[in-house]
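**Student:** Pasting a structure here, questions to come.
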Ligand SMILES: NC(=O)C1=CN([C@@H]2O[C@H](COP(=O)(O)OP(=O)(O)OC[C@H]3O[C@@H](n4cnc5c(N)ncnc54)[C@H](OP(=O)(O)O)[C@@H]3O)[C@@H](O)[C@H]2O)C=CC1
Ligand SMILES: O=C(O)C1=N[C@H](C(=O)O)C[C@H](O)C1
């Protein structure tokens, strides 16, 4: 396939701007539309100018008026909902990166994957997805550890982040649970919650400044501790991963794909 024609949804947001900037200079894709919601104050302005790279001939729009092979969504749950419908109606492959989705949105994604190809991941970063593999290995090795292994997941993000804990932290938790079988969750602790049960995963969401994303998975044993830590220096790891995912998913048969599929992990 020649360079896939790619739409960015949430194009004026923090992630959207990096996707426009990096997508424009990537010869492996062709940016064909920059989408935002109906009420966005900058509709009609050039998406490259908004992203700080100068005009690229792509106006910010609330409607999709061109053909496309893939759409990348980094927006909000309502934007994700619209992106799913747009892709199904127009037979466009989807890269879903928005987090904080409800069970309804998740069901809609599973339903949509019967008709179109979808890459759905809470983190498009290579380092994060590799750390997910390492977490799976650690959790599998410690599942029968005598005395029990306590797992806590600490994430740090910028003050503007709307959902907590991060989609990535929840995914790390799912991976741990799938190996170790924890049945309880604690989201922070206060008062006198009592002795920590081993079948609990603790989540801690720190919101500070402009942090682009950091996750630490702690395996606490008696006498020693293992910590797997992964952090972004800026948002380009997510944007570059999403552009790779768009190239991967364009033209693929209907179904749900992961970043492990995209990255060959
Ligand atoms: N999977 C991954 O690798 C990553 C996922 N994310 C996730 O991506 C999402 C976006 O993050 P971020 O860029 O920081 O957030 P921003 O708030 O900066 O950007 C979201 C953009 O989407 C716009 N928007 C709102 N409603 C719609 C709609 N209906 N259709 C299209 N666009 C809409 C917002 O407009 P307005 O500001 O006017 O509301 C805003 O411009 C979050 O869920 C975040 O957790 C972030 C980084 C990495
Ligand atoms: O909102 C963000 O910034 C991020 N959100 C994603 C998440 O919720 O996991 C991914 C990344 O950590 C950045």
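**Student:** I'd like to know if the stretch 46-54 contains one or more residues that are touching a helix residue (DSSP H, G or I) at 6+ places or on another chain (Cβ under 7 Å), part of a strand (DSSP E or B) and surrounded by 20 or more Cβ atoms within 10 Å (Cβ to Cβ).
**Tutor:** Checked against the condition, which is being touching a helix residue (DSSP H, G or I) at 6+ places or on another chain (Cβ under 7 Å), part of a strand (DSSP E or B) and surrounded by 20 or more Cβ atoms within 10 Å (Cβ to Cβ), the stretch 46-54 yields no hits at all.
**Student:** Please specify each residue of the stretch 23-42 satisfying the condition of being in a loop (DSSP other than H, G, I, E, B), surrounded by fewer than 16 Cβ atoms within 10 Å (Cβ to Cβ) and in contact with a strand residue (DSSP E or B) (Cβ under 6 Å, 6 or more places away or on another chain).
**Tutor:** Answer for the stretch 23-42, where residues must be in a loop (DSSP other than H, G, I, E, B), surrounded by fewer than 16 Cβ atoms within 10 Å (Cβ to Cβ) and in contact with a strand residue (DSSP E or B) (Cβ under 6 Å, 6 or more places away or on another chain): just 42.
**Student:** Which condition number in (1) under 18 Å from the mean Cα position of the chain (by Cα); (2) part of a loop (DSSP other than H, G, I, E, B); (3) near ligand 1 (Cβ under 8 Å from one of its atoms) is the one that residue 101 fails?
**Tutor:** So residue 101 meets the others, but not (3).
**Student:** Got at least one residue in the stretch 229-247 being out of contact with any helix residue (DSSP H, G or I) (no Cβ under 7 Å at 6 or more places or on another chain), part of a strand (DSSP E or B) and under 20 Å from residue 175 (Cα atoms)?
**Tutor:** Looking for residues that are out of contact with any helix residue (DSSP H, G or I) (no Cβ under 7 Å at 6 or more places or on another chain), part of a strand (DSSP E or B) and under 20 Å from residue 175 (Cα atoms), one finds at least one in the stretch 229-247, hence yes.
**Student:** Quick check, is residue 162 touching a helix residue (DSSP H, G or I) at 6+ places or on another chain (Cβ under 9 Å), within 11 Å of ligand 2 (Cβ to nearest atom), within 15 Å of residue 99 (Cβ to Cβ) and at pLDDT 95 or above?
**Tutor:** Spelling it out, it is not the case that residue 162 is touching a helix residue (DSSP H, G or I) at 6+ places or on another chain (Cβ under 9 Å), within 11 Å of ligand 2 (Cβ to nearest atom), within 15 Å of residue 99 (Cβ to Cβ) and at pLDDT 95 or above.
**Student:** Considering only the stretch 67-81, I want to know if a residue exists there that is more than 19 Å from residue 238 (Cα to Cα) and part of a helix (DSSP H, G or I).
**Tutor:** Scanning the stretch 67-81, I find at least one residue that is more than 19 Å from residue 238 (Cα to Cα) and part of a helix (DSSP H, G or I), so the answer is yes.
Residue-wise test of (1) under 30 Å from residue 32 (Cβ atoms); (2) loosely packed, with under 14 Cβ neighbours inside 10 Å.
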residue	(1), (2)
164	no, no
179	no, no
193	no, yes
211	no, no
215	no, no
247	yes, no
252	yes, no
265	yes, yes
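**Student:** Further question: Mind listing just one residue for me: the one in the stretch 166-182 that is assigned to a loop (DSSP other than H, G, I, E, B) and more than 8 Å from ligand 2 (Cβ to nearest atom) and, of those, nearest to residue 197 (Cα to Cα)? I'd like the intermediate steps shown before the answer.
**Tutor:** Step one: filter the stretch 166-182 for residues assigned to a loop (DSSP other than H, G, I, E, B), giving 166, 181-182.
Checking which are more than 8 Å from ligand 2 (Cβ to nearest atom) leaves us with 181-182.
Working: 181: 13, 182: 10 Å.
So, considering only residues that are assigned to a loop (DSSP other than H, G, I, E, B) and more than 8 Å from ligand 2 (Cβ to nearest atom), the one nearest to residue 197 (Cα to Cα) is 182.
**Student:** Considering only the stretch 195-209, state which residues are away from ligand 2 (no atom under 13 Å from the Cβ), surrounded by fewer than 19 Cβ atoms within 10 Å (Cβ to Cβ) and part of a strand (DSSP E or B).
**Tutor:** If the condition is that a residue be away from ligand 2 (no atom under 13 Å from the Cβ), surrounded by fewer than 19 Cβ atoms within 10 Å (Cβ to Cβ) and part of a strand (DSSP E or B), then 200, 204 are the ones that fit.
The values are calculated or read from the model by the stated rules, or taken from the named source; none is laboratory data. Nothing here was measured: the structure is a model prediction, and the numbers come from that model. Reconstructed Cβ throughout: ideal geometry from the backbone, glycine too, with neighbour counts over all protein chains shown.
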